[in-house]
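Heads up: the structure comes next, in structure tokens.
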Amino acid sequence: MQTNVAPSSRKTTDIVAAGAKSLSQRYFVSPEIFGEEQKKIFSEQWVLVGHQNQIARSGDYFISEVAGESLIVVRDKRSTIRAFYNVCRHRGTRLREDQSGHASAIQCPYHAWTYALDGRLVGAPHMDDVPGFDKADYSLHPVHLGLWEGLIFVNLADSPAPLEEWFAPLAGKFSHWNLPMLRSAKAINYDVQANWKLMFENYSECYHCPGVHPELSKLSPYDSAENDLTEGPFLGGFMRITKGNSLTMSGKSCALPVGDFRDFHRIFYYSIFPNMLLSLHPDYAMLHQLRPLSPERTLIFCDWFFHSEAFERKDFKPEDAIEFWDMTNKQDWHVCELSQQGIASRTYEPGPYSTRESIPAAWDREYLRYVS
Amino acid sequence: MQTNVAPSSRKTTDIVAAGAKSLSQRYFVSPEIFGEEQKKIFSEQWVLVGHQNQIARSGDYFISEVAGESLIVVRDKRSTIRAFYNVCRHRGTRLREDQSGHASAIQCPYHAWTYALDGRLVGAPHMDDVPGFDKADYSLHPVHLGLWEGLIFVNLADSPAPLEEWFAPLAGKFSHWNLPMLRSAKAINYDVQANWKLMFENYSECYHCPGVHPELSKLSPYDSAENDLTEGPFLGGFMRITKGNSLTMSGKSCALPVGDFRDFHRIFYYSIFPNMLLSLHPDYAMLHQLRPLSPERTLIFCDWFFHSEAFERKDFKPEDAIEFWDMTNKQDWHVCELSQQGIASRTYEPGPYSTRESIPAAWDREYLRYVS
Amino acid sequence: MQTNVAPSSRKTTDIVAAGAKSLSQRYFVSPEIFGEEQKKIFSEQWVLVGHQNQIARSGDYFISEVAGESLIVVRDKRSTIRAFYNVCRHRGTRLREDQSGHASAIQCPYHAWTYALDGRLVGAPHMDDVPGFDKADYSLHPVHLGLWEGLIFVNLADSPAPLEEWFAPLAGKFSHWNLPMLRSAKAINYDVQANWKLMFENYSECYHCPGVHPELSKLSPYDSAENDLTEGPFLGGFMRITKGNSLTMSGKSCALPVGDFRDFHRIFYYSIFPNMLLSLHPDYAMLHQLRPLSPERTLIFCDWFFHSEAFERKDFKPEDAIEFWDMTNKQDWHVCELSQQGIASRTYEPGPYSTRESIPAAWDREYLRYVS
């Protein structure tokens, strides 16, 4: 399958749709557009919430927020991963306020209504005297959930298309990286004062790299990019490492390879609509989750994943990769914030994309399929 | 009169209206509903603002905020307690910005217009030259004010029904506690991120006590509640003290009894629509004032009142009671905040009240008489 | 020309239009009115942004915000002062985020598009391959700019009336103060929680001085005011110094005189619609710039200007003046904030101006020519 990610014969980075321009102002500042996005994208599409190894044992759970809704993602007693709205069916109380943990059941902190890990109401004091009350009517509200490459996705729609269908075009494409087996060594959260789409557009081109990322540019030249996914919800390709062996502060590998590659000097960058960025290095995978909070604010959760056996070895230096990308992330979020500020001007108008910005232009086209 | 508060022959706690459910989401999150409440409830009903002993001498005043309006509550030179809008009639300047104090007159800090304690404009430099100007036209705007059991209530309506009429159903009911003579030993303010109605509903049942208040439950079992006011704007009853002599950290009395009771092992809890909670213990009275700031935020002012002679005695340990209820208050506000969070979910729908929640259900019914 | 500012034969301070009252509440609290002001006043009139000596050399620039728009004010290579919207024509990025500096060109921090100091796009990597792209179409958006007495004004309108026309009524009136040659020794910014119009009304009368400014009143009595500009966009007059030689903490002069005056014991105070206050002392000029942020919030930038030769002299004590007015400014902003609070009350209604408030009344009349 690795041939899928090999460079295509034509350099797609040289092509940009004639007259392609950045999005109109309203997409970055309008509360109405933001509401439409929350409804038509984040409430109806498959949204990344985490990795299966975060909840390895039955009873492990974590909390995630999608489209303003707090969800409990839990591994039940049969080891099935499930998601529920974090809301008691009695008087609406938030059930869990910690961000993760382990529990044998989900008990409401207010009046002690108790739910099994599969969502069934199993305890409700003094309710048996209420005429017509039946516990079976008061299970937790479930949320559709699916796994792809070890990653957990949820969908708030009533009857979403299956996750497998959505990811069919990527079947096998990432199997070399063994994503389901990797473990996160570090998570860093960023609170960015910019519209979420600016981060996608930023991630999708390296036209900005010479000025914004001098450290990155030394290891991996901005013009080494070759894209193989150039239209649709999955976009990206690879860039070459021309100096050193990985993207780290030292330029050296910092961990066991996550897989067996023909060429250890390429980094693959893919954006997965609507909230995921996947950056695959020879020795680690970096995963960004985006959570839009308002037109002008986005939370970004970044995780660094390594081979599970790497953790025990003496040559394991995850901080070498983490520090590199934490620095690079902050450089990116900063220019995204500057863009947000300028786009709010009455004089802003969509500007012309260069030939190095074909992927942002493709991402915009995909986005506009969902929002009017 | 004490027979009024004795347990009725039937256990009202066992009765909940068939199918009674918690209020719909909009009552907890809608700015429009909040505006309607501010208008129809807090601007037209009698609202608690303090106790007469806070302003014992002529010239003493305190500031209170009702329905977004800052009010000066002052004892005038004839010892009458009055309330005025805290707004100069010249150019609208806020007159007093401290929270309480003593003054012989109310002088505007901007241009020195001066008002007597009864609200008359008595000084206005350089205004005599203005044709047609008459000081008599520029008294402070007064607010209707009344006293009940030593407590001060105001009403922002133009022509409210008399306070005596409103409180007629409670005539004499609380005389054993000598409320007009009590003095506050401590005030604590809480800033709660929850709708004000959640605090009323919380106060009105002890179904939540076993899980939320382990310390309280040891002294006073949740199932010892007996209610005598079960419908209307005044709701509540008593609970028994089955261990110790009062609700304190030590379980012992902490002050002189506030009155002479037949039974010293009962705590009486009453909610007074729309912003008052009155908790009567053998040795102290606790008073909560609620001030809604937004659909999701409420200030709560809590005072602990004791027999005025208790303050001089060596066995006076008010902190024993204060610490107990400060702890218990915080436990309550916390679950109210969790409720606010969960109720905002798209999946929240009114849930069924248990047989232990007849008073919250009655409170909701009363509330719905004011707001559509 | 100095006769222009001499006291007129009649004492205009004694005259106030019959029945003149302060503005209605909506002008101080309504977001709609604020929006109208931003559009019809701050986006269409000449607005003060600084002094030419802030950017003495070619390449010097500062950033100013007008009507929510960030502007770059820069001295170009031919020494012409220009203003541009601080927005890249590529993807809208904010170009400069520092508040002032020096640069040979304006380069975007995102993708390195580069503009000459006259606004022309001179560098745009990888854009030559884009069909139809022409740098000449992507100059920075310019803003109309003019100089009056060394002060820099901008106008966001498409085709504004010339600045010279606007200031024609003041021709020569301030030439004695040599404003174009003065240098700022200090800038202090204030963040005031009050509507911007309250600061104009406050500045326009000394009726409040006895109570609010005891220190000022000792040096310059409130009833020494004589106004010569009593109607229109330029309002004010002078007050006498009856004790000491200047408005300073010590009461003494603190610098070389800024000009040669017949009478060194007068302070001239003028408000220039819509965002400038000019206070002329024998030995310094104080300049306030107002920037409304919301109906309830205003930034105020205050500068103290001195004779450029004063800076080198041993008797130069600018802090003597700065401390005096910093104290006095804060006294003023405080009562403005109290006014803002009280005006928000439902009971506020326009109050009668006294005979000492003819200038605020005139200012209100001028303001109402712009906003309905």
* Using a 7 Å Cα-to-Cβ projection, C:Asp191 label spacings across copies, nm, ascending -> 1.5, 1.5
* Structure fact -> So the C/A interface buries, both sides summed and with a 1.4 Å probe, an accessible area in Å² (nearest 100) of 2400 Å²
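Taking square-rooted eigenvalues a ≥ b ≥ c of the alpha carbon gyration tensor, is the stretch A:108-151 rounded, prolate or oblate, where a/c under 1.5 means rounded and, failing that, a/b exceeding b/c means prolate?
Numbers: a/c = 4.32, a/b = 2.45, b/c = 1.76.
Prolate shape, in that a/c is at least 1.5 and a/b is the bigger ratio.
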* Asked: According to a simple spin-label model (label point 7 Å from Cα along Cα-to-Cβ), what is the distance in nm between A:Glu97 and A:Arg365?
  -> 4.9 nm
* Relative contact order (%) - chain C, alpha-carbon pairs under 8 angstrom, separation at least six -> 23 percent
* Distance in nm between label sites at B:Thr80 and A:Ser58, each 7 Å beyond Cα in the beta-carbon direction? -> 7.6 nm
* Quote the charge dipole size of the stretch A:132-234 about the Cα centre in Debye, to the nearest 20; the model charges only the Cβ of Lys and Arg (+1) and of Asp and Glu (-1). => 440 debye
* Asked: So what is the relative contact order of the stretch C:281-343, in percent, for Cα pairs below 8 Å that sit 6 or more residues apart?
  -> 24 percent
* To do: Compute the separation of the alpha-carbon centres of the stretch B:168-188 and the stretch B:290-343 and state it in Å as a whole number.
  => 17 Å
* Structure fact -> Accessible-area loss of at least 50 Å² (1.4 Å probe, chain alone to full protein assembly) applies in the stretch C:68-114 to C:Glu69, C:His90, C:Arg91, C:Arg94, C:Glu97, C:Tyr110, C:His111
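Calculate what fraction, in whole %, of the accessible area of the stretch A:37-93 sits on carbon and sulfur atoms when a 1.4 Å probe is rolled over the protein chains.
Details: 710 of 1860 Å².
The computed percentage sits at 38.
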* May I ask you to list the aspartates and glutamates whose Cα is less than 19 Å away from that of C:Lys173, ignoring any residue fewer than eight positions away on the same chain? => C:Glu149, C:Glu164, C:Glu165, C:Glu226, C:Asp228, C:Glu231, C:Asp260, C:Asp263, C:Asp283
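Which pairs, out of B:Lys135/C:Lys197; C:Lys21/C:Lys197; A:Lys77/A:Lys186, put more than 19 Å between their alpha-carbon atoms? Let's see the in-between values first.
On the way: B:Lys135/C:Lys197 27 Å; C:Lys21/C:Lys197 14 Å; A:Lys77/A:Lys186 28 Å.
As for pairs spanning more than 19 Å Cα to Cα, those are B:Lys135/C:Lys197; A:Lys77/A:Lys186.
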* To do: Please turn the phi angles of the stretch A:210-217 into ³J(HN,Hα) values with the Karplus equation 6.51 cos²θ - 1.76 cosθ + 1.60 (θ = phi - 60°), one per residue in order, whole Hz, x for glycine and proline.
  => x, x, 8, 10, x, 5, 4, 5
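Skip the ligands, DNA and RNA, and give the accessible area per residue of the protein assembly as shown with a 1.4 Å probe, whole Å². Numbers along the way, then the final one.
Numbers: 43220 Å² over 1116 residues.
So the protein assembly as shown comes to 39 Å² accessible per residue, rounded to a whole number.
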* **Computed E for A:Phe264/A:Ser372 - FRET, C-beta separation, R0 45 angstrom, nearest 0.05** => 0.50
* Can you list, shortest first in nanometers, how far B:Ser175 lies from the same residue in the other copies, with each label 7 Å from Cα toward Cβ? -> 8.9, 8.9
* For B:Leu293, list long-range residues whose amide hydrogen, built 1.01 Å from N in the peptide plane, is under 5 Å from its own amide hydrogen. => B:Thr298, B:Leu299
* Two-decimal ratio, the stretch C:167-320, of alpha-carbon radius of gyration to 2.2 N^0.38 Å -> 1.03
* Asked: Based solely on its DSSP helices, what 222 nm [θ] is calculated for chain A when runs of n ≥ 4 H residues each add -39,500 (n - 2.57) and the sum is averaged over all residues, nearest 500 deg cm²/dmol?
  -> -5000 deg cm²/dmol
* Those Cys residues of chain C for which no other cysteine Cβ falls under 4.7 Å -> C:Cys254, C:Cys302, C:Cys336
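List the trypsin sites (Lys or Arg not before Pro) within the stretch A:75-147 that DSSP assigns to loop and that have no more than 14 neighbouring Cβ atoms inside 10 Å.
Qualifying residues, ordered by number: A:Lys77, A:Arg78, A:Arg120.
In the stretch B:176-314, carbon and sulfur make up what percent of the accessible area (probe 1.4 Å)? Mind showing how you got there, number by number?
Working: 2420 of 4820 Å².
Looking at the stretch B:176-314 in its full context, I get 50 percent from C and S.
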* **Across the identical copies, how the A:Ser30 labels are spaced - nm, sorted shortest first, 7 Å along Cα→Cβ** => 2.6, 2.6
* Structure fact -> With DSSP loop assignment and no more than 15 other C-beta atoms within 10 Å, the GluC sites (Glu not before Pro) in the stretch C:271-313 are C:Glu309
* Asked: Can you list residues whose amide H is under 5 Å from A:Arg266's amide H, if they're 5+ apart or on another chain and H is modeled 1.01 Å from N?
  -> A:Ile241
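Does the protein assembly as shown come out rounded, prolate or oblate, given a ≥ b ≥ c as the square roots of the eigenvalues of its C-alpha gyration tensor, rounded meaning a/c under 1.5 and, failing that, prolate meaning a/b above b/c?
It comes out oblate by the Cα gyration axes.
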* Express the Stokes-Einstein translational diffusion coefficient of chain C in µm² s⁻¹, to the nearest whole number, given a Kirkwood radius over alpha-carbon pairs, 25 °C and a viscosity of 0.890 mPa s. => 111 µm²/s
* Structure fact -> Quick calc, C:Arg313 & A:Met327: beta-carbon distance into FRET formula, R0 56 Å, rounding 0.05, result 0.65
* What residue of chain A sits with its beta carbon nearest the rotation axis taking A to B, and at what distance in whole Å? -> A:Pro31, 8
* **Under 5 Å, built H, 5+ apart or other chain: amide partners of C:Ser139** => C:Leu121
* **Among C:Gln341, C:Cys302, C:Phe273 the positive-end extreme of the charge dipole of the stretch C:260-351 (Cβ point charges)** => C:Gln341
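The values are calculated or read from the model by the stated rules, or taken from the named source; none is laboratory data. Quantities reported herein were computed from a predicted structural model and do not represent experimental measurements. For neighbour counting, all protein chains shown are included, and Cβ atoms are generated from backbone atoms with ideal geometry for every residue, glycine included. The accessibility values were calculated without ligands, DNA or RNA, using every heavy atom of the protein model including side chains. Shrake-Rupley method; radii C 1.70, N 1.55, O 1.52, S 1.80 Å.
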